[in-house]
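Undergrad: Quick one: the structure is below, questions incoming.
The values are calculated or read from the model by the stated rules, or taken from the named source; none is laboratory data. The structure displayed is predicted, hence computed values, not measured ones. For neighbour counting, all protein chains shown are included, and Cβ atoms are generated from backbone atoms with ideal geometry for every residue, glycine included. These area figures cover heavy atoms from the full protein model, side chains too; ligands, DNA and RNA do not enter into them. Shrake-Rupley method; radii C 1.70, N 1.55, O 1.52, S 1.80 Å.
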Amino acid sequence: MPNYTLYINGKERSVTADADTPLLWILRDELNLVGTKFGCGIAQCGACTVHIDGVAIRSCQMQVSILDDVKITTIEGLSADGKHPVQEAWKEIDVPQCGYCQSGQIMTASAFLEENKNPSEEEIREAMHGNICRCASYNRIEKAVKVAADKMS
Amino acid sequence: MKFQNKNNFSRRNFLKTSVLAGGGMLIGFNLLTACKPDAEMPVDIENLNFNDFNAFIKISDEGYVTIFSPNPEIGQGVKTSMPMIIAEELNVEWSKVNVVQGVLDTKNYKRQLAGGSQSIRFGWDALRQTGATTKQMLVNAAAIKWNVNANTCKASKGIITNSNGDKLGYGEVVKEAALLEVPEDVKLKKVSEYTIIGQEIVNVDIDKIITGKPLFGLDYKAEGMLYASVLRPPSFGQKLESFDATKAKKVAGVIDVITIGDKVRNFVKAGKNNWTFKLSETDKVVVIATNTWAALKGKKALSAVWVTDTKLESTQDHDKILTKVLDGKKQNIRREDGDVHKAFSKADRVIEKTYHSPFLPHNCMEPMNFYANVTAEKVHLVGPVQTPEYAASVVADMLGYDIDKVSLEMTRMGGGFGRRLYGDFVYEAAEISNAIKKPVKVISSREDDMTTGIYRPSIKYRIKASIKDGKVTGYHLKEAAVGGNMYGLIPNFFPAGCIPNYKVETGNYRGNITTGAWRAPYTNFLAFAEQSFFDELATELNIDTIQLRLDLLQNVKGTSDKSIQYSGQRMEDTIKLVREKANWGKTKDGVYQGFSAYYSHNTHVAEIAEIELKDGFPVIKKVVVAVDCGVVVNPTGARNQVEGGVLDGIGHAMYADFSFKDGKPSDRNFDTYRLIRMQETPKVEVHFVENELSPTGLGEPGLPPAGGAVANAINAALGKRMYSQPFVKELNDSSILS
Ligand code: FES
Ligand code: FES
């Protein structure tokens, strides 16, 4: 199996894997970064969202072989201390129910807020529409994104 | 942990204390025994050792309190709220409390609690008593030190004081306290004295969740662990004939391809099954690999031949069967008051409607998975399951191990919704590990999860009511279900006791599709049917739909009928609260309201949905909810549960479509199976009825009324009644929009 060097959370990581292995499974199985979750495997739920060069991307769709010169950030690397404004807002609003979808939600929200510092309610709802929360914590996600936006501006 | 030998017991509270060798005091108690209404006291309490307990409180020399809870979290917040109740009576600051999920195994923890709507209700008294008893022991120890009467001492925020102005922290008296007699009669606080209960306490696992720490079953790893993906029949009712693994074995990372099935099947054949084992009647092909991707890819590369020895079922057949069951005479009478048939024959008018629901998959966000390590000596199981004790006992039986040799650790669960009550994935993991004699984790893809599920039964309700002199005189509900009927006490929910002639009958067809509990089992659809029907009755009677409910409820107030499950008064108060908070009937133009109320899981809930029309299509804007769940232990957690339940109810009522063709599920993943998403989500506003009654469940009761509230709002807007789910299908089929 070929060897790949990835740049993840500010560190170079080397992995041996089949070329078509999705980043999601590289993170989870090879690198022990299990914060990125598996929900559907077909780009429908957003549980596996990471940042690639700052953009929210579904890691279940990204083959390891094409990721050699990009910067990857996962939930574990979003902040050094869990105090990214989005994480803080998630805590303040007590968003999670089962919690499984939430790292994907946080990664989507944090990339979105980098682009749009002062989003309207409609924009938030549109930005978060792609992330399924089976527990339907949507009211709180919406509120938390607003709170995070206030913290970031 | 190491203990000193001297232990103390309380017979009444089933609690035991000990000095910890490393410092501090340990209190052992039984959360599940505590949480069962009529728990049996073990006969030989003196001989219990700490392994017989499943929950512990540790108070350190510094006064820090650690609550070891065996309680797995499925998203209902009990891992936070149950310790809050202990801390309240213990009189410690919440900031000094740390909640840890104990490492669990069935050997050492015989009685495990799987969480759920009932945990708080059953645990309320015992948790308070555990906290209060412990506090009293600390106070007693301080009193002895000071040589004063304990009655003159007080404890607050972890500090004991006396009338002389002396002070001792809990940590300073733990050693002495642990050796004292356990007091039997402790005084519990009044609701007005609460300082922790009723506070907004954030989920205890929040930091781990927001930083992506391993918490869930899917995150669990062990040394040398392999990954397994299981190929099951594509259609319900099929069995494995043969398979070809040549291509699969060529996939990089695939180690082996095996079959399993014998162990579970023998277990089932021995008559020890329950019918959810239907999934286990065939052999399955298992791909073993070094990583998840290889396992999933290997499974795709398999080819298999499946045979059919029964008729493969389709939704169309089910539809006909259900109608036949409704028309037939062979029903079970579940409750009968008066004489409905007489009432119908004497009526001015008789109204009859039929409601239909599809099968539903659970779609927990975390797909089913489990870890097993079967060695010659023992079996170790790890993962998310709501029935750990049962699952471990099946594995022991199935593989021929003594139950003492089987341990099971629970992880946090990425959703349950009833799916994780069934341990099919645990047995698979155990059977695979047994075959390969290596630690292994079974992982379902979303497709596996959705197509080999344990579905909510498909149901039809036929409801008939008679009207005489402007009153509802008779009510007859028939249930026909594919795969299981309503259970136990449901026939005694509203409107039982409100209508003099009342009858509930059920009939069942058992087919090939595996069915089981789905969040708020049965009432999730029953409430929609009944609450839509009452709305229609109100129109017939030309009376306000809320007023109709309130009028009916007067008949059940003060009833002497002990079988009636709900309270007429509490339901009335709940309905009045939602009516006021939602400004019922006073909305602006273009906003349409729908009302629904339902009692389930010991909690009374009333909801008013508001919709607006966009291009003629209803958009749900807001749902106002009133809930009577007694004392609200943790308002933020409680609201979160209700919000989730309401949206779950709405999402499935609006969009969830699932069917079978020749035994094959119609949907495999979220590309075609529609779950509610952010832009379809209304605002949910939750109000609690304030009272001092014991707390009741919240994980489920918010769900059942939601579908009816939306359906009735749709009728208010479009003049069109919803008789089947999902509503989008009804609306698209209707002439209104075409
Ligand atoms: S797992 Fe990648 S989008 Fe669902
Ligand atoms: S919190 Fe459970 S899926 Fe979102």
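Undergrad: Report which residues of the stretch A:33-64 become buried by 10 Å² or more of accessible surface when going from the isolated chain to the complete set of protein chains (1.4 Å probe; DNA, RNA and ligands ignored).
TA: A:34, A:35, A:37, A:38, A:39, A:40, A:42, A:44, A:45
Undergrad: Run the quick spin-label model on residue B:671 and residue A:80: label points 7 Å from Cα toward the beta carbon, then report their separation in nm to one decimal.
TA: The two pseudo-label positions are separated by 4.3 nm.
Undergrad: What is the antiparallel percent of DSSP beta bridges lying wholly in chain B, to the nearest 5?
TA: So the antiparallel bridges in chain B amount to around 75 percent.
Undergrad: What distance in nm separates the simple spin-label points at residue B:555 and residue B:21, each placed 7 Å from Cα in the Cβ direction?
TA: The two pseudo-label positions are separated by 6.8 nm.
Undergrad: Mind computing the radius of gyration and Dmax over the alpha-carbon atoms of the stretch A:3-77? Å is fine for both.
TA: 10.8, 29
Undergrad: Apply the a/c threshold of 1.5 to the C-alpha gyration tensor of the stretch B:646-738 and tell me whether it is rounded, prolate or oblate.
TA: oblate
Undergrad: Can you bin the protein assembly as shown into rounded, prolate or oblate? Criterion: square roots of the alpha carbon gyration tensor eigenvalues sorted a ≥ b ≥ c, rounded for a/c under 1.5, prolate for a/b above b/c, oblate for the rest.
TA: It is rounded, given that a/c, with a ≥ b ≥ c, falls under 1.5.
Undergrad: Using only atoms on other chains, find how many Cβ atoms lie within 10 Å of each Cβ of peptide B:683-690 and report the average. Could you put the intermediate results ahead of the total?
TA: On the way: counts 4, 4, 1, 1, 0, 0, 0, 0.
The shielding value for this peptide is 1.
Undergrad: Right, next: Using the crude model of +1 on Lys and Arg Cβ and -1 on Asp and Glu Cβ, and no other charge, please compute the dipole size for the protein assembly as shown relative to its Cα centre, in debye to 20.
TA: Value, rounded to 20: 1220 debye.
Undergrad: Considering the stretch A:85-152, what Rg and Dmax in Å follow from its alpha-carbon atoms?
TA: 10.4, 29
Undergrad: I need the calculated FRET efficiency for the pair residue B:333 and residue B:469, taking r as the beta carbon distance and R₀ as 22 Å, to the nearest 0.05.
TA: Once the sixth-power term is evaluated, E becomes 0.20.
Undergrad: Per residue, how many Å² of accessible area does the stretch B:626-738 show with a 1.4 Å probe?
TA: Values: 3460 Å² over 113 residues.
Each residue of the stretch B:626-738 exposes 31 Å² on average to a 1.4 Å probe.
Undergrad: Run the helix sum for the protein assembly as shown: -39,500 (n - 2.57) per DSSP H stretch of 4+ residues, divided by residue count, reported at 222 nm to the nearest 500 deg cm²/dmol.
TA: Here the helix-only value at 222 nm equals -9000 deg cm²/dmol.
Undergrad: Any chance you could run the full-extension gain for residue B:661 through residue B:319? It's 0.36 nm times the residue separation minus the Cα-Cα distance, nm to one decimal.
TA: 121.9 nm
Undergrad: Between residue B:221 and residue B:303, how many nm apart are label points set 7 Å from Cα along the C-beta direction?
TA: 3.6 nm
Undergrad: Could I ask something else about it? Could you pull out every whole DSSP H run in chain B that spans at least 27 Å of Cα extent along its own axis and averages -0.5 or higher on the Kyte-Doolittle scale?
TA: B:119-146, B:635-655
Undergrad: Counting other Cβ atoms within 10 Å, keep those with at most 15, restrict to DSSP loop, and tell me which GluC sites (Glu not before Pro) in the stretch B:340-423 are left. The partial results should precede the final answer.
TA: Details: sites: B:352, B:377, B:389, B:409; in loops: B:377.
Within the stretch B:340-423, the qualifying GluC sites (Glu not before Pro) (loop, at most 15 other Cβ atoms within 10 Å) are B:377.
Undergrad: Let me ask you something else. Just the number, please: buried accessible area between B and A, total of both chains, 1.4 angstrom probe, nearest 100 square angstrom.
TA: Summing both chains' loss of accessible area gives about 5000 Å².
Undergrad: Do any residues of the stretch B:178-225 show a loss of at least 20 square angstrom of accessible area between the isolated chain and the full protein assembly, using a 1.4 Å probe, and if so which?
TA: Listed by number, the residues meeting the 20 Å² cut-off are B:202, B:203, B:206, B:207, B:209, B:210, B:211, B:212, B:216, B:218, B:219, B:221.
Undergrad: For the stretch B:471-512, which chymotrypsin sites (Phe, Trp or Tyr not before Pro) pass both filters: DSSP loop (anything but H, G, I, E, B) and at most 13 other C-beta atoms within 10 Å?
TA: For chymotrypsin sites (Phe, Trp or Tyr not before Pro) across the stretch B:471-512 that sit outside H, G, I, E and B with at most 13 neighbouring Cβ atoms in 10 Å, the list reads B:487.
Undergrad: Oh, and also: Using Cα-Cα distances under 8 Å and only pairs 6 or more residues apart, what relative contact order does chain B have, in percent?
TA: 13 percent
Undergrad: Here is a follow-up. Classify chain B from the C-alpha gyration tensor, please: rounded if a/c falls under 1.5, else prolate or oblate depending on whether a/b exceeds b/c.
TA: Values: a/c = 1.97, a/b = 1.16, b/c = 1.70.
Judged from the Cα gyration tensor, chain B comes out oblate (a/c at least 1.5, b/c at or above a/b).
Undergrad: Got a number for carbon plus sulfur as a percent of the stretch A:3-77's accessible area, 1.4 Å probe?
TA: 44 percent
Undergrad: Report, in debye and to the nearest 20, how large the dipole of chain B comes out about its Cα centre when Lys and Arg carry +1 and Asp and Glu carry -1 on their Cβ.
TA: Once rounded to the nearest 20, the dipole reads 840 debye.
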